[in-house]
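All of the numbers you see were taken from the coordinates with simple rules; none came from a lab. Because the structure is a prediction, the values reported are computed rather than measured. For neighbour counting, all protein chains shown are included, and Cβ atoms are generated from backbone atoms with ideal geometry for every residue, glycine included.
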Amino acid sequence: MSKTISILGSTGSIGCQTLQVIDLARDEWDINFLTVNSKIEELEQQIQKFNPRGVAISDEHFYKEFKKSTSFTGEIFCGEEGVCAAAGDSRNSLVMSSLVGFSGVMPTLAAIEAGATIALANKETLVSAGEIITAAAKNKGISILAVDSEHSAILQCLAGEHHSEIEKIILTASGGPFRNLPIEEFGEITLAQALKHPNWSMGNKVTIDSSTLMNKGFEVIEARWLFDLPPEKIDVVVHPQSIVHSLVQFIDGSVKAQLGTPDMRVPIAYALHFPHHIPMNFQRLDLVSVGNLSFFPPDLEKFPCLKLAFEAIKSGGTSTAILNAANEVAVQAFLAEKIRYIDIPAVISSALGKIPNTAHPSLEEIANVDRETREFVRRELKC
């Protein structure tokens, strides 16, 4: 019997790779909704190949353009409300949430309320509203399955284990393109350099986040909520080869690790078929060819974004939402070449220091601090 899936952000990197995985097992899946922001030409191609029941386009201009040009006869929704309607459709058995930024929060909640299992590739959802999201999922008896390679690795390492026996989890980071760059040269980093990740193929925003190690900071915050662990039990190590995706250390000193080639389709396939591994013709890991695996502590002086993330999670409340919103605006400005690379952590630190933190916030309070932070950062950056 086939399962029904909706993919939020179907034309992004994770969305496209999810469809690639589904294409390898087409008889197992019915595509319910595909959602995009503005890439309507790519959406039309996906419609022709996968025949979804409906689509949602969050940008109103491109929604109107699509309506004019398409021959698609399924449901067509518009705006954030339309994406939430697609996510919350009662026919969904699984929702792949691969939207970028804070925009993933409300659709993820809508999917949870509708009773769908969540395959979560949108870091910012748990970074901004982890307490609310995980409480809602627990209340509905819904599973949130990690799609990040690191969190998928932890999920696999914990299979059959007892939560009380975890001593700590260890998230690995490639170190990005600037791991060996002297700190004195960080002021000269260009956009083109920052967009060249040594191991992974990702969208522009997450590629910049990986280069600053903010991506790893977000993953620490995600891990806190996904695995119900305090930040003291979450470590980060730099592992340039990206072969060991993460590790779990237990109270007897034993360690389990999940290894594999750097291919996002592997954790996507695991989330789609959890808790099973299914036959996939992906590249196999050849340890002899890899040769050496190396590990280093992260340099928090060179990569202050990771330090800021640990400080935010320890502060709790809306601190992580401030961190996320400030980072989103700063990275957008860097991608538009309006600020320098080293301005990214500086403005995030300023926002965390000046915007008040609210403990145990409501969703409305999180949305308000998100908006306040974005306005603050735009004023600071004059953009």
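At a Förster distance of 41 Å, what's the computed FRET efficiency of Ala135 paired with Thr190, Cβ-Cβ distance as r, to 0.05?
Computed FRET efficiency for Ala135 and Thr190 comes out at 0.45.
Under 15 Å from the Cβ of Ser149, count the other residues' Cβ atoms, weight Lys and Arg +1, Asp and Glu -1, and hand me the total.
-3
Between beta-carbons, use under 12 Å as the cut-off and find the net charge around Ser6, counting Lys and Arg +1, Asp and Glu -1.
For residues surrounding Ser6, the net value is 0.
Select one label from (i) 20.5, 59; (ii) 32.5, 100; (iii) 20.2, 63: the one whose number is Rg and Dmax of the Cα atoms in Å as derived from the coordinates shown.
For Rg and Dmax of the Cα atoms in Å, the calculated option is (iii).
Is the range 3-142 best put as rounded, prolate or oblate by its Cα gyration tensor, with a ≥ b ≥ c the root eigenvalues, rounded for a/c under 1.5, and otherwise prolate when a/b is larger than b/c, oblate when not?
It comes out prolate by the Cα gyration axes.
Cβ neighbours within 10 Å, averaged per peptide: list 83-92, 179-188, 147-156, 296-305 in order, most packed at the top.
147-156, 83-92, 296-305, 179-188
Sketch the reach of a paramagnetic label on Val255 as a point 7 Å from Cα along Cα-to-Cβ, and name the residues of the range 215-243 whose backbone nitrogen lies under 15 Å away.
Backbone N within reach: 234-243.
In whole Hz, what ³J(HN,Hα) sequence does the range 12-27 give by Karplus (6.51, -1.76, 1.60; θ = phi - 60°), x for Gly and Pro?
Result, rounded to whole Hz: x, 4, 5, x, 5, 5, 4, 5, 4, 5, 4, 4, 7, 9, 4, 6.
Could you list, in their original order, any pairs among Lys138/Lys307; Lys216/Lys307; Lys140/Lys233; Lys233/Lys314; Lys196/Lys338 whose Cα atoms are separated by more than 21 Å?
Lys138/Lys307; Lys140/Lys233
Can you give the net charge of the other residues whose Cβ lies under 15 Å from the Cβ of Lys314, counting K and R as +1 and D and E as -1?
Here the charged neighbours net out to -1.
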